[in-house]
Structures are given as C-alpha cells and as structure tokens.
Amino acid sequence: MREFVFALEYEPGTNPVADVLADYSGTSIRSLSCHVSADSLWRVDHASGSAEALEALERAYETADYFADCLVKDDCGADCEVQVLDRSNDTLVVYTYWERTDVCTSVPHVALEHLGEGLLFETYREGRRYRWRIVLGNDAPIHDFFDALGDEVGECMGIEMLRLTELDPARNGIEPDSDHDESLPVEQREALQAAVEYGYYETPREIDLSELADQLQVPRSTLSYRLRRAEAALARTFVDADDAIEQLVAGL
C-alpha cells in the first residue's frame with residue numbers, strides 16, 4: 001500500500017468554507033470519515049476554533065454555494081444535506097451528503113474513476129489550504145489521476161503534489177506539518193530559485209508575487225504556497241543547525 005498526499009489552495013471567493021478558514025487564523029477542519037460512490041459523497045468533519053469562527057463555519061456549510069467538495073466553479077445544481085452532529089464552544093462536527101449532477105465532480109470522484117475502489121481518504125484544512133491523503137494500492141496509476149484532477153481544478157485553486165511513499169504504519173493521519181521533509185520538493189525549489197533570480201527578495205522588491213506567477217505560468221496561490229513551504233523548510237533547517245552548533249559549543 002502507498003499513501004499519496006497533495007494540497008489544493010482555493011482562490012478567494014471560490015469556496016465559502018475556505019473563505020471562513022482564511023478569515024479566522026487557528027481554525028482547522030479534519031475529516032473523521034469520507035466515503036464516495038459513483039453518484040454521491042458523504043463525510044463527517046471535525047472543526048476546531050473559536051466560537052465565532054465555528055459559527056461562521058456552520059453558516060458557510062449551510063449556504064447554497066457549498067456542495068461538499070464539488071469542484072465545479074458555477075452552480076452545479078446538486079443537492080447537499082448538512083447536519084450538525086456536535087457543537088460546543090470550540091468544536092463543530094458536521095455531516096454532509098451530496099448527490100452528483102451530470103456536471104459535478106470532486107477529488108474522491110476523480111480518484112474513484114482513475115484509481116478504482118477500496119481507497120481511504122483523509123483531509124486537513126487550514127486557511128485556504130486543503131490537504132488530501134489517499135491510501136491506495138501500489139499499482140494505482142497516480143499520474144493519470146493527478147493529471148485528471150488538474151484538469152478539473154481549473155483556475156479556482158492551485159494544486160501541488162506533496163508526497164508519494166510506501167504506507168508508514170506510524171503515521172496516524174494528516175497533521176499541519178506532516179508533509180515536511182529534509183529536502184525541498186522540485187516545485188518548491190524551482191519557485192524559490194525563480195524568486196531569487198527575479199528579485200522577489202530584494203529590498204525594494206523588483207517583482208511582485210502576481211508578476212512572478214505570470215513569469216512561471218502558475219496560479220498566484222500555488223506560487224505563494226510553494227514559497228511559504230520552502231521558506232518554512234529553510235527556517236527549520238537554519239534553526240536546527242543553530243541548535244546543533246550551540247549544543248556542540250556547550251559540550252566543549
């Protein structure tokens with residue numbers, strides 16, 4: 001078995017739940033279960049955050065603009081049932097059930113069509129970032145699935161592959177920093193290199209993020225995500241190295 005982890009990043013105004021998460025820092029949503037059939041999708045999600053953030057999330061789930069992970073930008077005409085299973089000052093548990101129309105699709109539906117049945121899904125959402133983890137067989141055609149998903153995503157969101165590895169029994173689920181690795185993925189390294197070459201880190205900046213995204217021909221949100229992850233990885237590496245030097249000095 002393997003695990004495939006990738007992230008979507010919604011543009012403002014394209015997903016009401018993502019908009020709320022972006023407005024309330026520290027609010028997150030993780031999946032408790034996620035199931036798909038050819039005609040429907042049903043799932044249970046656990047949200048944590050302030051009482052104000054959870055109230056806003058509850059309203060976002062119930063808006064007519066939200067259809068449980070449908071990737072179609074315009075109104076797809078689907079029916080989505082939303083039910084709050086648990087509610088407290090810092091916890092919201094929500095059940096959603098969604099029936100597809102002829103134009104609807106979603107990450108699990110694209111996975112079902114290209115990877116087959118028997119898949120396990122886990123998700124974690126924070127800000128505009130929506131991370132998916134799929135557990136699947138070793139011979140599943142990952143690249144066909146990822147290419148098809150990119151076609152469905154369109155301009156509403158950025159998409160990035162994070163990890164494809166043998167299943168690690170010690171990994172219990174998706175956590176905020178679970179995609180950290182000692183080396184930078186190729187996409188992040190190339191984004192960082194381009195940012196340096198085009199003067200993004202100069203003072204004053206010689207190019208802004210939108211212009212750099214145009215040069216690289218990627219969505220602005222995707223480039224922003226890649227740079228943030230690269231910067232975070234470099235910062236951790238610097239701090240770890242600094243701590244190691246201090247320990248070495250202290251031992252002399």
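Has segment 192-203 got at least one residue that is assigned to a helix (DSSP H, G or I), closer than 16 Å to V5 by Cα, modelled with pLDDT of 75 or more and of a type outside the set (A, V, I, L, M, F, W, C)? Scanning segment 192-203 turns up no residue that is assigned to a helix (DSSP H, G or I), closer than 16 Å to V5 by Cα, modelled with pLDDT of 75 or more and of a type outside the set (A, V, I, L, M, F, W, C).
Restricting attention to segment 3-57, report how many residues are of a type in the set (S, T, Y), within 16 Å of the chain's Cα centre (by Cα) and within 30 Å of L167 (Cβ to Cβ).
Of the residues in that region, 4 qualify.
With respect to the stated conditions, V72 fails to be among the aliphatic types (A, V, I, L, M), within 25 Å of P12 (Cβ to Cβ) and in contact with an Asp or Glu (Cβ under 6 Å, 6 or more places away or on another chain). Of all residue pairs spaced 6 or more apart or on separate chains, those with beta-carbon atoms under 9 Å, a first member in segment 81-97 that is at negative phi and a second member that is surrounded by 15 or more Cβ atoms within 10 Å (Cβ to Cβ) and of a type in the set (S, T, N, Q) are E81/T96; V82/T96; Q83/T96; D90/S48; T91/S48; L92/S48; Y97/S40. Here segment 98-113 is the region considered, the condition is being within 16 Å of D79 (Cβ to Cβ) and open to solvent by 60 Å² or more (accessible area, probe 1.4 Å), and the residue that is modelled with the highest pLDDT is E99. Among residues of segment 208-222 that are under 12 Å from A195 (Cβ atoms), those with a Cβ under 6 angstrom from a residue that is open to solvent by less than 60 Å² (accessible area, probe 1.4 Å) and not in a helix (DSSP H, G or I), sequence gap 6+ or separate chain, pair up as L212/Y200. Name every residue in segment 114-127 that is of a type in the set (S, T, Y) and open to solvent by less than 20 Å² (accessible area, probe 1.4 Å), in order of residue number. Hit for segment 114-127 is T123, nothing else. So Q188 clears everything in (1) at pLDDT 80 or above; (2) more than 22 Å from R163 (Cβ to Cβ) except one condition, right? Which one? With respect to (1) at pLDDT 80 or above; (2) more than 22 Å from R163 (Cβ to Cβ), Q188 is out only on (2). For segment 150-158, the criterion of being open to solvent by 10 Å² or more (accessible area, probe 1.4 Å), outside any strand (DSSP E or B) and either basic (K, R) or on the phi > 0 side of the Ramachandran plot (or both) is satisfied by at least one residue.
Check segment 128-138 and report whether any residue there is open to solvent by 10 Å² or more (accessible area, probe 1.4 Å) and on the phi > 0 side of the Ramachandran plot. No - not one qualifying residue is present in segment 128-138. Taken together, the residues in segment 77-97 that are of a type in the set (A, V, I, L, M) and either open to solvent by 80 Å² or more (accessible area, probe 1.4 Å) or in contact with a His (Cβ under 9 Å, 6 or more places away or on another chain) (or both) amount to 4.
The values are calculated or read from the model by the stated rules, or taken from the named source; none is laboratory data. Bear in mind the structure is a predicted one, so any value in this text is a computation, not a measurement. For neighbour counting, all protein chains shown are included, and Cβ atoms are generated from backbone atoms with ideal geometry for every residue, glycine included. For the accessible areas, the whole protein counts, side chains as well, though only heavy atoms, and no ligand, DNA or RNA atoms are used. Shrake-Rupley method; radii C 1.70, N 1.55, O 1.52, S 1.80 Å.
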